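K.L.:
Let me give you the structure first, and then I'll get to my questions.
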Amino acid sequence: MIRLESVTKSYSSDVIAVRDASFEIAKGEFVFLVGPSGSGKSTLLRLMNRQEQPERGTVWVAGKDINDMPESKVPYLRRTIGNIFQDYKLLPNKTVFENVAFALEVIGRPRHVIRQQVPAVLELVGLADKEDRFPHQLSGGEQQRVSIARAFVNRPLILLADEPTGNLDPGTGEGIMRLLDRINSTGTTVVMATHDTRVVNMMRRRVVQLDRGVIVRDQERGVYD
Amino acid sequence: MLSRISYALRETAAGFRRNATLTAAAIITSAVSLLLVGTTFLIQRAFDNLLTRWKGDVELIVYVRSDATAEQVQLIEGALKSQPSIIDVDRLRYLNQAESYAEAERLFAGDPGTLRLLTPENIPSQFKVVPIAEDSALVRELGEQFRQLAGVKEVAYAQDVFDVVSRVSQFIRVATTTMSIILLVVAVGLIWNTIRTAMFARRREIEVMKLVGATNWFIRIPFMLEGLVQGLVGGILSCLGLWGLNTAWTNAVTDFNDTELAALVVTDGYASWIMVLLLGIGALAGAIGSGIAASRFLDV
């Protein structure tokens, strides 16, 4: 599903974010990218949806070299990838329903599809009764659920999560992990960057560890350290 | 498709509400600049009218010295009338000193210094000559012959005035065109800035849109529509202004119906074309300004 071949990305001549990274993620896998802040986890995620372009190496997503892709095709690539962030990135002036519907609206889905899919995905993340709330009326965990609903409403092949539990207390973070696990079990590939030791050890999934931009460990059913 | 159109329209309308003051500034600037563009066109047209009118009956003026005797004046008149193949004898007019002074009072109304030097006693009388011959060189040749006659002070050709008018109109044309271009650039800049501000205010939304796979055009179109409508509203306002200006000017000029000023009136048909043009320029400028702003922001 995702393949990186000797990918190097630097932001300036002396800051190398990712150095010669190669690995492959199969369809349906759940992968943790772990390592301290600044080790290149987020950059790896940003390389996978072409928010960044590597200096060297190739990134393959769903069988396509995404760096060779014309700019006009990038939106269609992104429709197959859901994104989740530490700070949720919800739109404060829209309700829960509207935030999720927005993702479908801006890719031109017809209204009847929106009316059918948004309640379904809100049901999945456990927020069916809160669709008219605004983000500031929700707890952090609920806001993250909305953002997961938004990322998943279009049934993407891949879900990229950047520190999704970073702002949440442990109990709430566990709930988010259970939700991601459930989404993963529907066949969606999940790649999650985190330095949350607890959730990594709890899940026992594949762990790719980074240190200053270099992959130092790639382990099936791994723990944080 | 329908949902996309309704999305674009809703966002465009929301853009105006969110950004009312900047939008108003952009609209007013584009209205003023377009009004100037329109005025430039009308002035050019008016001067063209003026020049055509001169061309229609080029006048030759034979000024007679103030101390010329009655016999000398008669001699000159006789000489003029002896050239019916070149001049229109029926329309030959003689303005005596009193009449010439009255005319000068009008001509130099804006120039009291010159007027003060003139009196009904020292002012030259004049023969106003309407030529029949189309060839202005022939008229000039005849004029030069009259210059030799006793009692003739000076021979003036409308052709020379013509050059002055051309030069004045040229000057006004350059000045107003330059100003309107500068203002138009300012208007495009303001629209650009309005859209940039609007996009900055909504950068989170745009980021989310890009991440969920909205195409750049989808994001851009509401902003471009917003700019286009700003330019168009500016254009409409400038049309109203131009219409008012032209009407007021026409009314004012009608009061001087006997003078050349009457030629400085632009007929409504031409003014309507200019208005259509202004609407077009306004819409285009708005779309370009906002298009540049939107593209810049999306590429970052």
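K.L.:
Just give me the residues in the range A:87-142 being in contact with a Pro (Cβ under 8 Å, 6 or more places away or on another chain) and of a type in the set (S, T, N, Q), in sequence order.
P.N.:
Result: A:Asn99, single match.
K.L.:
Could I ask something else about it? Name the pairs whose Cβ atoms lie under 7 Å apart, with the first residue in the range A:1-23 and closer than 13 Å to A:Thr58 by Cβ and among the hydroxyl-bearing types (Ser, Thr, Tyr), the second open to solvent by 50 Å² or more (accessible area, probe 1.4 Å) and not in a strand (DSSP E or B), and 6 or more positions between them or separate chains?
P.N.:
Once the first residue is closer than 13 Å to A:Thr58 by Cβ and among the hydroxyl-bearing types (Ser, Thr, Tyr) and sits in the range A:1-23, its partners that are open to solvent by 50 Å² or more (accessible area, probe 1.4 Å) and not in a strand (DSSP E or B) give A:Thr8/A:Glu55.
K.L.:
For the range B:114-138, how many residues meet the condition of being modelled with pLDDT under 80 and open to solvent by less than 40 Å² (accessible area, probe 1.4 Å)?
P.N.:
Residues that pass the stated criteria total 3.
The rows are residues; the columns are (1) more than 23 Å from A:Tyr224 (Cα to Cα); (2) touching a Lys or Arg at 6+ places or on another chain (Cβ under 6 Å); (3) modelled with pLDDT under 90.
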{"position": "A:Ser12", "(1), (2), (3)": "yes, no, yes"}
{"position": "A:Lys27", "(1), (2), (3)": "no, no, no"}
{"position": "A:Gln53", "(1), (2), (3)": "yes, no, no"}
{"position": "A:Trp60", "(1), (2), (3)": "yes, yes, no"}
{"position": "A:Arg79", "(1), (2), (3)": "yes, no, no"}
{"position": "A:Gly82", "(1), (2), (3)": "yes, no, no"}
{"position": "A:Asp87", "(1), (2), (3)": "no, no, no"}
{"position": "A:Asn93", "(1), (2), (3)": "yes, no, yes"}
{"position": "A:Val113", "(1), (2), (3)": "yes, no, no"}
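K.L.:
Is it the case, given these coordinates, that A:Ile158 is in contact (Cβ under 8 Å) with a residue 60 or more places away in the chain and β-branched (Val, Ile, Thr)? Talk me through it step by step, then tell me what you get.
P.N.:
Details: in contact (Cβ under 8 Å) with a residue 60 or more places away in the chain: yes; β-branched (Val, Ile, Thr): yes.
So A:Ile158 passes the test.
K.L.:
Same structure again: Assess whether A:Val34 counts as being within 17 Å of the chain's Cα centre (by Cα) and either open to solvent by less than 30 Å² (accessible area, probe 1.4 Å) or among the small types (Gly, Ala, Ser) (or both).
P.N.:
So A:Val34 fits the description; yes.
K.L.:
So if I check each of B:Ala214, B:Ala156, which one is outside any helix (DSSP H, G or I), open to solvent by less than 40 Å² (accessible area, probe 1.4 Å) and more than 14 Å from every other protein chain (Cβ to nearest Cβ)?
P.N.:
The conditions single out B:Ala156.
The values are calculated or read from the model by the stated rules, or taken from the named source; none is laboratory data. Predicted, not measured: the structure shown is a model, and the values here were computed from it. All Cβ positions, even for glycine, are placed from backbone atoms using ideal geometry, and neighbour counts span all protein chains on display. Accessible surface is based on the protein model in full, side chains and every heavy atom, while ligands, DNA and RNA are left aside. Shrake-Rupley method; radii C 1.70, N 1.55, O 1.52, S 1.80 Å.
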